[in-house]
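The values are calculated or read from the model by the stated rules, or taken from the named source; none is laboratory data. All of these numbers come straight from a predicted model, not from anything done at the bench. Backbone-built Cβ (ideal geometry, glycine too); neighbour counts: all protein chains shown.
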Amino acid sequence: MNNRENLVKNPSTYKEQIDLIKLKGFLIEDENEAVKILKRVNYYRISGYMLSYKKKNLIVNPVEFKDVYSLYEFDRKLRSMILEILETIEISFRAHITYLLAHKYGSLGYEKRENFRNAIFHTAMMNQLNEELNRSNEIFVAHHKERYQGIFPVWVALEVTSFGLLSKIYSNLKTEDQETIGYKSLRLKT
């Protein structure tokens, strides 16, 4: 065993994980069902939810393991609902930025530094955007590489951006462009 391996815990079997859950003070009514949960979710992930029931490393009241799992399931479903809403917001945000850039500055206006506030940020944006386009496996990107010599209009280029890059693009837009996008985003329901 090397030094790195000495720093981490050894893996435990499902039976050992069940014993550890009990040792931490959680009640397990059906061990077979608990093992099924651990096989689907993973002990480490579910153990984070156990922390919600502890106060100063002690369980305040006896808690069933199934209640911990219910908390995990609630969190998973809530996260799924939020992600769906965030996706809608991201797509709308992308559409508003794309439309403004295309109609105000032209199909390739996003490439021009003078259409943005900060030249250094624009250069970084273009580098990251080019990396994302080069990394993309999207059919529409390959189509533009082949048919249009890798020249991407704004509505193609921004379609592959991460939400992080999209936010950076928005942050570097001229103030009046940000205000236009913000106003339109508030006024449009979909």
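In the set I139, I169, only one residue is among the β-branched types (V, I, T) and surrounded by fewer than 17 Cβ atoms within 10 Å (Cβ to Cβ); that residue is I139.
Filtering region 88-118 to residues that are in contact with a Ser or Thr (Cβ under 8 Å, 6 or more places away or on another chain) and touching a residue at least 12 places away in the same chain (Cβ under 8 Å) leaves S92, F93, R94, H96, L100, R117.
Which is under 25 Å from the mean Cα position of the chain (by Cα), farther than 30 Å from Y148 by Cα and at pLDDT below 95, of S80, S92? That would be S80, the only listed residue that is under 25 Å from the mean Cα position of the chain (by Cα), farther than 30 Å from Y148 by Cα and at pLDDT below 95.
Only one of the listed residues (E159, E146) is under 23 Å from H103 (Cβ atoms) and among the charged types (D, E, K, R). That residue is E159. Identify the residue in region 95-128 that is farther than 23 Å from H144 by Cα and not charged (D, E, K, R) and, among all such residues, is nearest to the chain's Cα centre (by Cα). Looking at residues that are farther than 23 Å from H144 by Cα and not charged (D, E, K, R), I get F121.
Restricting the first member to region 119-134 and to residues that are in a helix (DSSP H, G or I), and the second to residues that are surrounded by 11 or more Cβ atoms within 10 Å (Cβ to Cβ) and of a type in the set (K, R), the beta-carbon pairs closer than 8 Å and six or more apart or on different chains are A119/R113; F121/K168; H122/R113; T123/R113; A124/K168; M125/K168; Q128/K168.
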